[in-house]
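Q: I'd like to ask some things about the structure below.
The values are calculated or read from the model by the stated rules, or taken from the named source; none is laboratory data. Just so it is clear, the model here is predicted, and its values are computed rather than measured. Quick reminder, even Gly has a Cβ in these numbers, built from the backbone with ideal geometry, and neighbours come from all protein chains shown. With ligands, DNA and RNA removed, areas are computed over all heavy atoms of the protein, side chains included. Shrake-Rupley method; radii C 1.70, N 1.55, O 1.52, S 1.80 Å.
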Amino acid sequence: MASLPIMKSLLLLGLVASFGRAYEPSPMQDFCVAVPDAKAAVFVNGKVCKNPKLVEANDFYMASGFNTPAGGTNISSVGLITKLLDVNQFPGLNTMGLSIARMDFARNGLIPPHTHSRGSEVVFVMEGTLYVGFVTSNPLNGEKNKFFTKILNSGDSFIFPVGLVHFLYNVGRTNAVVFAAFNSQNPGHVTLANSAFGSAPPISQDILTKAFRLDQKLINYLQSQTWPLI
């Protein structure tokens, strides 16, 4: 017969496992507030599925033009054109846990520090030279967050773990082209500068002054800027 300490350990593991099964590990939205009225509710964790009997080949096909930046979102302030194919643009990706993106960088083009709250990312450099990196979450031992960085050239790949702050910066003498894949149909995108200084309504300047240890005039200046939606 198992000893009492072993039985307690098995019971604890069972409780932990039950909590793990009760939580959806990959929510497809930022939050989900319960409402009593079903008519006021929205479908979460994916899109409503099409009747399988009505599905056809075109539901899994999209002539997206990923061979060119034409038609992408041009964010000239950071020298970037992006194309994203997630479940919102490509319904066939629903429940697939996958989305892809194309990023065209001008010289000195930048994707500022940001996170993807619902997916890891792997990038593949088609053309150019980029400086990339990510920062680990806060350590528990009082040490500094660790910074992992690399210079990528054509043919190189790099992984950004889910939820960690990362960036991509074109340091080459030419334009750069990068393709990315995410293990989420809706990975999310949170840019640090936008969330801190561009929220609506704005975060209290007292909080930002203390948090970033900056002069209030500088905080006021940062909040007055128009931050690119990337």
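Each row is one residue, and each column tells you yes or no for (1) closer than 20 Å to residue 191 by Cβ; (2) touching a helix residue (DSSP H, G or I) at 6+ places or on another chain (Cβ under 6 Å); (3) aromatic (Phe, Trp, Tyr).
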position: 82; (1), (2), (3): yes, no, no
position: 91; (1), (2), (3): no, no, no
position: 96; (1), (2), (3): no, no, no
position: 101; (1), (2), (3): yes, no, no
position: 113; (1), (2), (3): yes, yes, no
position: 120; (1), (2), (3): yes, no, no
position: 126; (1), (2), (3): no, no, no
position: 129; (1), (2), (3): no, no, no
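Q: Shifting gears a bit: For the range 178-230, give me the residue count where each residue is of a type in the set (Gly, Ala, Ser), under 23 Å from the mean Cα position of the chain (by Cα) and under 24 Å from residue 78 (Cα atoms).
A: Keep residues of the range 178-230 that are of a type in the set (Gly, Ala, Ser), which gives 180-181, 184, 188, 193, 195-196, 198-200, 204, 211, 224.
If we keep only those that are under 23 Å from the mean Cα position of the chain (by Cα) as well, we get 180-181, 184, 188, 193, 195-196, 198-200.
Still in the running and under 24 Å from residue 78 (Cα atoms): 180-181, 188, 193, 195-196, 198-200.
Residues flagged as of a type in the set (Gly, Ala, Ser), under 23 Å from the mean Cα position of the chain (by Cα) and under 24 Å from residue 78 (Cα atoms) within the range 178-230 amount to 9.
Q: Something else now. Name the residues in the range 154-174 that are over 19 Å from residue 81 (Cβ atoms) and polar (S, T, N, Q), would you?
A: Answer for the range 154-174, where residues must be over 19 Å from residue 81 (Cβ atoms) and polar (S, T, N, Q): just 157.
Q: For the structure I just gave you, tell me whether residue 121 is open to solvent by less than 50 Å² (accessible area, probe 1.4 Å) and either of a type in the set (D, E, K, R) or over 24 Å from residue 228 (Cβ atoms) (or both).
A: Against the criterion (open to solvent by less than 50 Å² (accessible area, probe 1.4 Å) and either of a type in the set (D, E, K, R) or over 24 Å from residue 228 (Cβ atoms) (or both)), residue 121 qualifies.
Q: On to the next question. Only residues in the range 101-120 that are touching a residue at least 40 places away in the same chain (Cβ under 8 Å) and part of a loop (DSSP other than H, G, I, E, B) count as the first member; pair them with residues that are of a type in the set (Ser, Thr, Tyr) and crowded, with 21+ Cβ neighbours inside 10 Å, Cβ under 7 angstrom, at least 6 apart or cross-chain, and list the lot.
A: From residues that are touching a residue at least 40 places away in the same chain (Cβ under 8 Å) and part of a loop (DSSP other than H, G, I, E, B), the pairs are 118/184; 119/184.
Q: Within the set of pairs 6+ apart or on separate chains, which have a first residue in the range 140-163 that is open to solvent by 80 Å² or more (accessible area, probe 1.4 Å), a second that is not in a strand (DSSP E or B), and C-beta atoms under 7 Å apart?
A: Listed by first residue and then by second, the contacts come to 146/136; 151/129; 159/120.
Q: Still on this model: Considering only residues that are in contact with a Phe, Trp or Tyr (Cβ under 9 Å, 6 or more places away or on another chain), of a type in the set (A, V, I, L, M, F, W, C) and open to solvent by 20 Å² or more (accessible area, probe 1.4 Å), which ones fall in the range 94-118?
A: Those that are in contact with a Phe, Trp or Tyr (Cβ under 9 Å, 6 or more places away or on another chain), of a type in the set (A, V, I, L, M, F, W, C) and open to solvent by 20 Å² or more (accessible area, probe 1.4 Å): 98, 100, 110.
Results for (1) assigned to a helix (DSSP H, G or I); (2) at pLDDT 90 or above; (3) open to solvent by 80 Å² or more (accessible area, probe 1.4 Å), shown as yes or no for each residue.
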position	(1), (2), (3)
43	no, no, yes
50	no, no, yes
59	yes, no, no
69	no, yes, no
74	no, yes, yes
82	no, yes, no
88	no, no, yes
92	yes, no, no
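Q: Exactly one condition in (1) of a type outside the set (D, E, K, R); (2) surrounded by 14 or more Cβ atoms within 10 Å (Cβ to Cβ); (3) touching a residue at least 60 places away in the same chain (Cβ under 8 Å) is not met by residue 174; state its number.
A: Residue 174 satisfies every listed condition except (2).
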